[in-house]
Amino acid sequence: MENGKLKIILSGGGTGGHIYPSVAVAEALRRELGEEVDLLFVGAEGKMEMEKLPALGYRVVGLPVAGLQRRLDLRNLALPFKVMKSIRRARRTIREFGADAAAGFGGYASAPVLWAAQHMGIPTLIQEQNSYAGVTNKLLARRADRICVAYDGMERFFPADRILFTGNPLRGDFGKTAPREEAAAYFGLDADKPIVLVVGGSLGTRTLNEAMKRHVAATGTDEIQVIWQTGKYYEKEMDDFMSGRHRPGIWRGAFIDRMDYAYAAADVVVSRSGACSVSELALAGKAVIFVPSPNVAEDHQTKNARALADRGAALLIPDAEAVEKAIPAAIALAGDTPRREELQRNIRTMATPDAARTVAAEIIKLARRR
């Protein structure tokens with residue numbers, strides 16, 4: 001602690017699912033401590049955090065670390081050298097910054113930062129977002145002072161005496177619901193007719209876009225309205241597909257600027273099951289059909305979705321079946337009010353609205369203990 005300020009390092013990146021929980025905690029730390037906290041982010045060079053975090057007003061230091069390529073790739077030969085260089089730079093950053101605590105939220109840079117901090121006697125906290133812990137977090141947990149989790153049963157992976165159930169930190173208040181009429185009008189839709197939200201993340205999801213193409217191409221499928229987020233990567237392809245196909249009752253866009261309106265308008269949501277998406281939908285209390293991505297480490301999206309489906313809090317359709325089944329299942333669920341209300345009740349029991357504040361409080365405890 002320098003001049004009464006707590007100096008805290010936050011590391012998380014590679015995807016929004018790692019970046020935004022760390023930002024949510026940073027915002028909670030600033031709300032709690034104001035000018036009495038000094039924050040520094042550490043990310044991976046060339047990854048999205050190096051642009052996103054400065055745009056939000058945060059300092060960020062980049063490490064040359066990279067992940068192991070799953071296919072045979074010459075880049076894997078350089079990985080040990082990048083890891084060692086990253087650990088050396090992480091040590092120097094921690095020492096020069098004078099960190100009182102370090103928190104890791106996943107992503108390439110978290111491993112060298114927390115490893116270095118732990119071997120320098122700096123208190124560390126891990127925030128594990130998924131229901132199935134990754135290899136890196138399981139290794140880091142051996143020396144971590146606190147492990148914040150979002151699912152029950154995580155003692156399978158971590159020392160039970162250091163686990164704290166917090167939920168996943170989120171930016172924004174997804175628990176507040178806008179009026180349905182106002183939300184539907186924002187998308188040019190009729191609040192008196194069922195609305196399905198199909199959302200595949202900022203880049204988009206091939207499977208969900210193909211499911212929507214199948215729905216659009218079918219005849220006599222106007223029993224629902226759709227808010228269709230295509231993602232940036234698929235925007236032009238979906239524009240070309242829809243050219244000449246006029247379908248009233250479908251709002252389509254690469255991004256959704258007002259997710260609060262999208263959730264408020266939707267009767268049913270069809271979504272991937274990344275950790276942040278799951279947490280947002282629980283707070284929003286939506287009836288959801290999860291289509292887990294098969295292209296993630298340890299198949300954690302399937303495990304996330306299964307954790308809810310086993311509690312009657314969501315439906316799960318495997319990616320390989322979703323093009324054919326996802327939209328028909330959403331149509332059926334939109335018309336089944338008792339089933340939809342049951343899913344809404346059950347998913348709300350898994351919501352954790354104070355996650356960011358709780359994680360921030362744990363970091364403050366560790367920093368002040370040093």
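A compact table of results
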{"item": "The stretch 16-33, subset open to solvent by 70 Å² or more (accessible area, probe 1.4 Å) and in contact with a Lys or Arg (Cβ under 9 Å, 6 or more places away or on another chain), residue nearest to Ser110 (Cα to Cα)", "result": "Tyr20"}
{"item": "Of the criteria (1) open to solvent by 10 Å² or more (accessible area, probe 1.4 Å); (2) within 24 Å of Asp192 (Cβ to Cβ); (3) of a type in the set (A, V, I, L, M), which one Val296 fails", "result": "(2)"}
{"item": "Output for the stretch 249-265, where each listed residue is more than 25 Å from Asn295 (Cβ to Cβ) and either open to solvent by less than 30 Å² (accessible area, probe 1.4 Å) or aliphatic (A, V, I, L, M) (or both)", "result": "Gly249, Ile250, Tyr261, Tyr263, Ala264, Ala265"}
{"item": "Residue count for the stretch 125-160, restricted to those that are among the hydroxyl-bearing types (Ser, Thr, Tyr), touching a residue at least 40 places away in the same chain (Cβ under 8 Å) and under 13 Å from Gly12 (Cβ atoms)", "result": "0"}
{"item": "Tally of residues being at pLDDT below 90 and touching a Lys or Arg at 6+ places or on another chain (Cβ under 6 Å) across the stretch 34-49", "result": "0"}
{"item": "Count of the stretch 188-209 residues which are open to solvent by less than 50 Å² (accessible area, probe 1.4 Å) and within 23 Å of Val278 (Cα to Cα)", "result": "13"}
{"item": "Unmet criterion (only one of (1) part of a helix (DSSP H, G or I); (2) within 30 Å of Ala26 (Cβ to Cβ); (3) in contact with a Leu (Cβ under 8 Å, 6 or more places away or on another chain); (4) open to solvent by 30 Å² or more (accessible area, probe 1.4 Å)) for Ala361", "result": "(3)"}
{"item": "Top-ranked residue of the stretch 161-184 - restricted to ones that are in a helix (DSSP H, G or I) and open to solvent by 70 Å² or more (accessible area, probe 1.4 Å), ranked as farthest from Arg252 (Cα to Cα)", "result": "Asp161"}
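Each row is one residue, and each column tells you yes or no for (1) open to solvent by less than 30 Å² (accessible area, probe 1.4 Å); (2) at pLDDT 90 or above.
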site	(1), (2)
Gly67	yes, no
Asn76	no, no
Pro80	no, no
Val83	no, no
Arg89	no, yes
Glu96	no, yes
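The values are calculated or read from the model by the stated rules, or taken from the named source; none is laboratory data. If you're wondering where the values come from, they're calculated on a predicted model, not measured in any experiment. Glycine gets a Cβ as well: all are built from the backbone with ideal geometry, and neighbour counts include every protein chain shown. Ligands, DNA and RNA are stripped out before the accessible areas are found, and what is left, the full protein with its side chains, is counted by its heavy atoms. Shrake-Rupley method; radii C 1.70, N 1.55, O 1.52, S 1.80 Å.
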